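The values are calculated or read from the model by the stated rules, or taken from the named source; none is laboratory data. Note that this is a predicted model, so its numbers are computed, not measured. Ideal geometry is used to build each Cβ from the backbone, glycine not excepted, and the neighbour counts take in all protein chains shown. To get the accessible areas, we keep the full protein, side chains included, count just its heavy atoms, and leave off ligands, DNA and RNA. Shrake-Rupley method; radii C 1.70, N 1.55, O 1.52, S 1.80 Å.
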Amino acid sequence: MVDYNLINDLGIDDNQIEKELAEALGAGALEEAIAAKVDETIGNFKSGSILKGRVIGTAGDQVVIDVGLKSEGLVSMNEWDDKSAIDMGDEVDVWLENVESDSGLVLLSKRKADRILNWQRIVETSKEGDDVKGRVMRKIKGGLLVDIGVPVFLPASQVDIRRPGDIGEFIGREIEAKILKIDVERRNIVVSRRKYIEEQRYVAKEKVLNEIKVDQVRKGVVKNLADFGAFVDLGGIDGLLHITDMSWDRINHPSDILKIDQEIQVKVLSVDRDKEKIALGMKQLTENPWESIEERYPPMSRITGEVVNIVNYGAFIKLEAGVEGLVHISEMSWTRRINHPSEMLSLGDGIEVVVLEVNKDKHEISLGIKQTETNPWMRVAEKYPPNTIIEGRVRNLANYGAFIEIEEGVDGLLHVSDMSWTKKISHPSEVLKKGDMVKCVVLSVDQEKMRVALGTKQLTEDPWINAIPTTYIPGQIVKGKVTKVTNFGVFVELEPDLEGLLHVSELADHKVEDPHDEVKVGTEIEVKILRVDPQERKIGLSKKRAEWATEDGTAGGPGKPRSRRGGLHGPGEESTDVISEFPLRKMDAAESEVGGSEKPSEESSPQSEAIAETPGDQVAPESAETTEQQKPTAESEKAPEAVKEDDTSTGSGDDDSDDKKEAPPEEDKPEV
């Protein structure tokens with residue numbers, strides 16, 4: 001400030017002062033010097049410039065800064081990273097926002113000044129690829145904002161080698177990163193922590209790969225958890241700790257025993273330096289419980305365990321830490337039908353089991369629950385010997401038969417072939433349904449395979465033993481209905497469930513090219529019985545011989561009784577040659593009274609199967625349902641002498657031209 005009182009006391013006027021200044025500075029120099037000084041002073045205090053200031057005090061949460069202007073400026077304490085570091089007299093760089101505000105104070109900002117100065121410093125001293133340190137400020141769109149002196153952008157993909165689930169956990173942390181890009185025009189810098197870590201890990205990885213060996217025990221940090229295991233950082237390279245190598249005991253998920261960033265000790269199991277893969281183990285640091293397993297769990301020993309897992313095929317039982325055995329579903333009960341192990345067991349159940357087999361190499365133990373009880377099949381053979389009549393419930397039906405429940409847990413098989421002597425049953429559902437009660441005869445018991453064979457037809461006598469042979473005698477003439485026509489002959493139903501075969505050579509006196517031209521399905525015809533074979537359960541018929549007999553009988557007058565042949569030769573009793581009583585109908589009635597039939601067997605032929613014979617011993621297919629696949633045998637071309645001779649009872653001639661007809665080709669012969 002100018003002291004005008006002092007100047008007045010000196011008695012110097014203004015003109016004299018200006019004259020003396022002009023002599024000292026030269027003409028015009030005074031004005032220039034003053035203007036320059038003013039410009040310099042005003043230039044330093046323009047808004048948007050950086051000034052040097054000094055801390056002269058505090059006012060509340062404000063710091064008072066003297067920058068050489070007519071009034072002081074105020075700066076918020078929040079602009080200092082460490083408020084405790086603010087001391088009186090400290091020199092600071094501040095940004096002049098306004099020389100004079102509405103309140104008359106100078107507006108200053110320390111933070112803006114720091115950023116501008118730091119930006120200039122970074123641009124001058126750093127370049128892309130350099131390492132920097134900074135503190136994560138906050139989370140922004142696409143990444144993090146990091147303060148390295150100036151705010152820089154850290155993309156989320158560059159935060160770590162494996163992108164973390166939440167990058168917000170890095171806020172407030174000091175990190176090291178590498179500069180990826182500097183944009184001077186936009187005043188923007190992009191950094192990468194991932195790249196910095198990768199470079200550091202590469203150096204460490206090379207060191208680890210050179211040092212690491214199989215069976216080494218090393219420290220590591222869990223970096224990531226997956227369903228199949230954990231990745232452990234060994235100090236530059238990650239190794240895989242598989243879930244099966246974490247513990248001898250059962251582990252459902254690695255998170256059961258491990259946490260991310262947990263430090264653990266592991267054993268090196270294998271090293272692949274080419275692929276940079278390392279397999280690690282934790283359980284290998286403890287004793288293997290399977291080493292002496294055979295001594296602790298000998299076969300047939302009884303032990304108690306806990307159900308720890310249930311699957312479709314069985315249940316896993318924990319015997320001790322790290323040792324489990326499998327109880328297969330087939331080893332749970334002798335008699336009970338179990339569809340799923342959960343019907344019998346629950347997780348956490350304590351049960352008694354028997355050791356069946358131990359495989360030390362595969363770490364497997366087979367266990368059984370049913371072996372803790374007596375096998376009821378040991379008593380089945382004694383309780384149900386063959387020929388025992390039992391009554392049971394139809395539990396299930398299959399294509400080949402029906403399963404009959406004899407007692408709880410003990411089933412017998414009633415095969416389709418053992419359901420009826422005469423009726424051809426294609427499926428057991430034709431005569432039975434689930435839940436039916438049925439009487440059966442025990443045919444056999446296989447204790448080892450736990451099987452019982454049952455039959456219902458055995459409840460009655462086999463009609464082929466007496467009823468059919470005594471009723472249908474060779475030489476008789478009977479009526480029947482055509483049920484099927486094939487290229488080798490015709491099947492004729494003599495009575496329900498009983499058929500005979502009329503061979504093509506026995507259809508007519510002339511040579512028959514196509515049997516369809518002679519008879520039609522459903523037509524009722526008269527045939528002569530040529531042969532009855534109880535062993536093969538077949539009947540052979542002849543239409544032409546019945547016609548011969550009819551012609552001969554007509555010559556003698558209508559209604560005249562004719563002798564019934566007791567065979568192909570010789571006289572028999574007087575008869576009209578027509579059978580009126582059918583034994584099989586009585587058999588069916590008897591069977592229905594017994595309680596139904598069982599499942600048919602695919603292997604045997606029903607009693608309705610017939611035997612067909614050409615003039616001689618030709619044997620026909622087993623039944624009308626054997627289809628065209630069954631062809632006549634080579635014997636069909638041979639007519640036995642018994643047929644060639646005259647039929648004395650019918651007056652037939654000696655014409656054997658039909659008997660000598662050419663037999664069908666070999667491939668057309670039926671199966672006997």
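For region 438-461, taking the residues that are of a type outside the set (Lys, Arg) and assigned to a loop (DSSP other than H, G, I, E, B), the one that is most open to solvent (accessible area, probe 1.4 Å) is identified as 448. Of all residues in region 161-193, which are open to solvent by 40 Å² or more (accessible area, probe 1.4 Å) and assigned to a loop (DSSP other than H, G, I, E, B)? 161, 162, 163, 165, 166, 171, 172, 173, 184, 185, 186, 187, listed by residue number.
Screening region 485-499 for residues that are under 22 Å from residue 420 (Cα atoms) and under 55 Å from the mean Cα position of the chain (by Cα) and picking the one that is modelled with the lowest pLDDT gives 497. Within region 187-219, being within 25 Å of residue 133 (Cα to Cα) and hydrophobic (A, V, I, L, M, F, W, C) holds for 189, 190, 191, 197, 203, 204. Restricting 142, 149, 89, 134 to those that are exposed (fewer than 13 other Cβ atoms within 10 Å of the Cβ) and either under 60 Å from the mean Cα position of the chain (by Cα) or modelled with pLDDT under 75 (or both) reduces the list to 142.
For residue 409, state whether it is at positive phi and open to solvent by less than 40 Å² (accessible area, probe 1.4 Å).
Working: at positive phi: yes; open to solvent by less than 40 Å² (accessible area, probe 1.4 Å): yes.
Considered against the rule, which asks whether it is at positive phi and open to solvent by less than 40 Å² (accessible area, probe 1.4 Å), residue 409 comes out as yes.
For region 495-524, filtered to residues that are under 19 Å from residue 471 (Cα atoms) and not acidic (Asp, Glu), the residue that is most open to solvent (accessible area, probe 1.4 Å) is 496. Evaluation of residue 535 against the conditions (1) under 30 Å from residue 458 (Cα atoms); (2) surrounded by 13 or more Cβ atoms within 10 Å (Cβ to Cβ); (3) modelled with pLDDT of 50 or more shows that the sole unmet condition is (2).
Report yes if residue 453 is more than 30 Å from residue 327 (Cβ to Cβ), in contact with a Pro (Cβ under 6 Å, 6 or more places away or on another chain), modelled with pLDDT of 90 or more and among the small types (Gly, Ala, Ser), otherwise no. In short, no.
Here's a check for you: in region 378-403, which residue that is assigned to a strand (DSSP E or B) and farther than 27 Å from residue 464 by Cα is most open to solvent (accessible area, probe 1.4 Å)? Spell out the reasoning first.
Applying the first criterion (assigned to a strand (DSSP E or B)) to region 378-403 yields 389-398, 401-403.
Imposing the further condition that a residue be farther than 27 Å from residue 464 by Cα reduces the set to 392-398, 403.
Numbers: 392: 2, 393: 88, 394: 1, 395: 67, 396: 55, 397: 45, 398: 19, 403: 48 Å².
Looking at the filtered set, the residue picked out is 393.
Just the residues that are within 29 Å of residue 382 (Cβ to Cβ), of a type in the set (A, V, I, L, M, F, W, C) and touching a residue at least 60 places away in the same chain (Cβ under 8 Å), please, taken from region 427-455. Passing the criteria: 432, 437, 438, 440, 445, 450, 452, 454.
Please verify whether residue 234 is open to solvent by less than 80 Å² (accessible area, probe 1.4 Å), aliphatic (A, V, I, L, M), touching an Asp or Glu at 6+ places or on another chain (Cβ under 9 Å) and modelled with pLDDT under 90, treating the condition exactly as stated.
So residue 234 fails the test.
The residue list 169, 185 contains one member that is among the charged types (D, E, K, R), within 25 Å of residue 232 (Cα to Cα) and free of Cβ contacts under 8 Å to residues at least 40 places away in the same chain, which is 169.
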